[in-house]
Amino acid sequence: MPVPGVDVRRGPVPGSERVLTDPALAFVADLQRRFGPLRLELLRHREERQAELDAGVRPDFLASTRDVREGDWVVAPAPADLDDRRVEITGPAEPKMMINALNSGARVFMADLEDALSPTWSNVVGRQAAFIDAVRRERTFESPEGKTYRLNERTATILVRPRGWHLVESGMLVDGAPVSASLFDFGLYLFHNGAELLARGSGPYVYLPKLESHAEARLWNEVFVHAQGAAGIPRGSVRATVLIETILAAFEMDEILYELREHAAGLNAGRWDYLFSGIKKLRGWPDLTVPDRAQLTMSVPFMRAYTELLVRTCHRRGAHAIGGMAAFIPNRRDPVVTEVALARVREDKERESADGFDGTWVAHPDLVPIATAVFDRVLGARPHQKDRLREEVRVDAGQLLDLRVPGGVVTEAGVRADVRVALAYLDSWLRGNGAAAIDNLMEDAATAEIARSQLWFWRSRGVRLDDGRAMDAALYRRIRDEELARLGTPATGRLADAAGLLDRFVLDDEFAAFLTLRAYAVLE
């Protein structure tokens, strides 16, 4: 019998019969009806804050929550299988990649339904079916060459990253409106797997993306409380790690942990989206400068301020601090490129472990041993280093908002790299693949966001390249055509659609809030 008020608008795909059951749909619909209106209110608040930023209002730590920042409180203790997080591997919940990630030797696998997902209906439903199998250790994959992939006896702990509050899932309507993609992804995962995970000694653990305020974290906590009760599992079973990947959230890290404290598992330094957020939020400021992406490293002053504050905040509250992504993909045909890149990965992880991070992210199984060795030297047999309180760290609002990079410049090579990454990623995303290997890096929506936002900023400001030329529409179009020719012909894959989308992102007067919001319209 159909669920009242629920309309599944897409046809059956593999896994539908297991994932989209009437009880599961009713569970998600209940979440949407209870929490959908507040979600929309919080999204309107985002627009209001952006208008304030465009008017020159400078963010600061909130006076209204000073008592939270100065209070003596901690988050709930970590579950046993989420206490040692020294290396986490991230990627899409695609069958073969999921098995390889779970078997990689990493402590945690972050299965990504957000930046590494092209949200076709078959992908959205298929990933949920994959979770059902993986939780029950029934996940297998048969390659076209006849090789069988199976889970090892010991695998990584699964964390799932649902899509952000700003997205909807148009494949399911509740009372005539598309369901929140966040509630759809989380609701289906919890409904099908929450009790099973607890029975197996784990739990329904998640990563929360794109939060901009503690009010948005409070909404997630209310969702968790209600959903656990509705699913018949104990309150506090859900554990959430929040990605601090927006510049506004950096001012509310204490408050975000406080709102989630009975469900909080830590904070993560989401470096790529954080850089995108800085451009996006502060784009109207006349003193904003943005150099090539290659110069936006973790050692520049504003990124150092943000990450050190994150470690200090987490450890004061008994929460894990997880470092950023190493996105390099080893190039087996060019050992010199690989050697140089691995040295940079090692240096990055040495900086994080020395700064007090309890763990870090990698994008490829070959990086797991390197990152593990670095954190092993610092942690030894300890699961984390929360005892390093970093009380000497003092970060003010000015340090977080000053995005200047000493010696930073814009080059043709930087423009060209952004155009190439954006075109190649959009082409991949439109063809159903949300994580794409481009120039020896695993690129996802976050890095594509940096690329297109830099191009828009440079073009709209008429920024001068290091050789004196202005970055204008004509230069963009010339480089776009040259990079398109390198990638293929307009008839190749979805390159024509990718170029059309990128033109709008770069040449429109208005800045598009999210790449995915506009790209959804041409996905299927």
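Quick notes on this one:
- In the condition set (1) in contact (Cβ under 8 Å) with a residue 40 or more places away in the chain; (2) in a loop (DSSP other than H, G, I, E, B); (3) surrounded by fewer than 17 Cβ atoms within 10 Å (Cβ to Cβ), residue 369 is compliant with all but (2).
- The criterion of at least 1 residues that are more than 30 Å from residue 450 (Cβ to Cβ), out of contact with any Cys (no Cβ under 9 Å at 6 or more places or on another chain) and in the same structural domain as residue 105 (by TED's automatic domain parsing) is met by the following strands (runs of 3 or more DSSP E) wholly inside the range 141-246: 148-150, 168-174, 177-180.
- Among the residues making up the range 284-323, those that are more than 30 Å from residue 262 (Cα to Cα), of a type outside the set (S, T, N, Q) and over 22 Å from the mean Cα position of the chain (by Cα) are 284, 285, 286, 287, 288, 291, 301.
- Filtered residues of the range 107-140 (kept if of a type in the set (S, T, N, Q) and either outside the structural domain of residue 80 (by TED's automatic domain parsing) or assigned to a loop (DSSP other than H, G, I, E, B) (or both)): 118, 120
- On inspection, residue 173 fails the criterion of being more than 24 Å from residue 433 (Cα to Cα), without any contact (Cβ under 8 Å) to a residue 40 or more places away in the chain and either under 14 Å from the mean Cα position of the chain (by Cα) or surrounded by fewer than 22 Cβ atoms within 10 Å (Cβ to Cβ) (or both).
- The condition of being crowded, with 21+ Cβ neighbours inside 10 Å, touching a residue at least 24 places away in the same chain (Cβ under 8 Å), hydroxyl-bearing (Ser, Thr, Tyr) and within 17 Å of residue 42 (Cα to Cα) does not hold for residue 237.
- Any hit, the range 140-148, residues being among the basic types (Lys, Arg) and under 26 Å from the mean Cα position of the chain (by Cα): no
- Matching residues in the range 376-396 - criterion: being assigned to a loop (DSSP other than H, G, I, E, B) and either in contact (Cβ under 8 Å) with a residue 24 or more places away in the chain or polar (S, T, N, Q) (or both): 383, 384, 385, 386, 387, 388, 389, 390, 391, 393, 395
- The number of residues in the range 349-366 that are assigned to a helix (DSSP H, G or I), closer than 17 Å to residue 299 by Cβ and not aliphatic (A, V, I, L, M) comes to 6.
- The single residue among 23, 37 that is modelled with pLDDT of 95 or more, in the same structural domain as residue 131 (by TED's automatic domain parsing) and more than 18 Å from residue 125 (Cβ to Cβ) turns out to be 37.
- Top-ranked residue in the range 343-357 [being of a type in the set (A, V, I, L, M, F, W, C) and closer than 16 Å to residue 330 by Cβ; ranked as surrounded by the fewest Cβ atoms within 10 Å (Cβ to Cβ)]: 343
- Note on the range 42-60: residues that are within 24 Å of the chain's Cα centre (by Cα) and of a type outside the set (Asp, Glu) amount to 9.
- As a summary of the residue check, residue 1 satisfies the conditions (1) at pLDDT 95 or above; (2) exposed (fewer than 14 other Cβ atoms within 10 Å of the Cβ) except for the one numbered (1).
- Identity of the residue in the range 232-279, polar (S, T, N, Q) and within 14 Å of the chain's Cα centre (by Cα), that ends up farthest from residue 445 (Cα to Cα): 241
- Odd one out for residue 89 among (1) of a type outside the set (S, T, N, Q); (2) surrounded by fewer than 15 Cβ atoms within 10 Å (Cβ to Cβ); (3) in contact (Cβ under 8 Å) with a residue 60 or more places away in the chain: (2)
- Filtering the range 1-10 to residues that are under 20 Å from residue 129 (Cβ atoms) and touching a residue at least 60 places away in the same chain (Cβ under 8 Å) leaves 6, 8, 9, 10.
- Residue within the range 411-430 that is of a type in the set (Val, Ile, Thr), within 20 Å of the chain's Cα centre (by Cα), in a helix (DSSP H, G or I) and within 27 Å of residue 321 (Cα to Cα) present: no
- Selection of the range 301-348 for residues being assigned to a helix (DSSP H, G or I), hydrophobic (A, V, I, L, M, F, W, C) and touching a strand residue (DSSP E or B) at 6+ places or on another chain (Cβ under 6 Å) yields 310, 311, 314, 341, 345.
- Members of the range 132-151 found to be without any contact (Cβ under 8 Å) to a residue 24 or more places away in the chain and within 18 Å of residue 195 (Cα to Cα), listed by number: 133, 137, 138
- The single residue among 491, 513, 519, 446 that is of a type in the set (A, V, I, L, M) and in contact with a strand residue (DSSP E or B) (Cβ under 9 Å, 6 or more places away or on another chain) turns out to be 446.
The values are calculated or read from the model by the stated rules, or taken from the named source; none is laboratory data. What you are looking at is a predicted structure, and each value in this text was computed from that prediction instead of being measured. We place every Cβ from the backbone using ideal geometry, glycine too, and count neighbours over all the protein chains shown.
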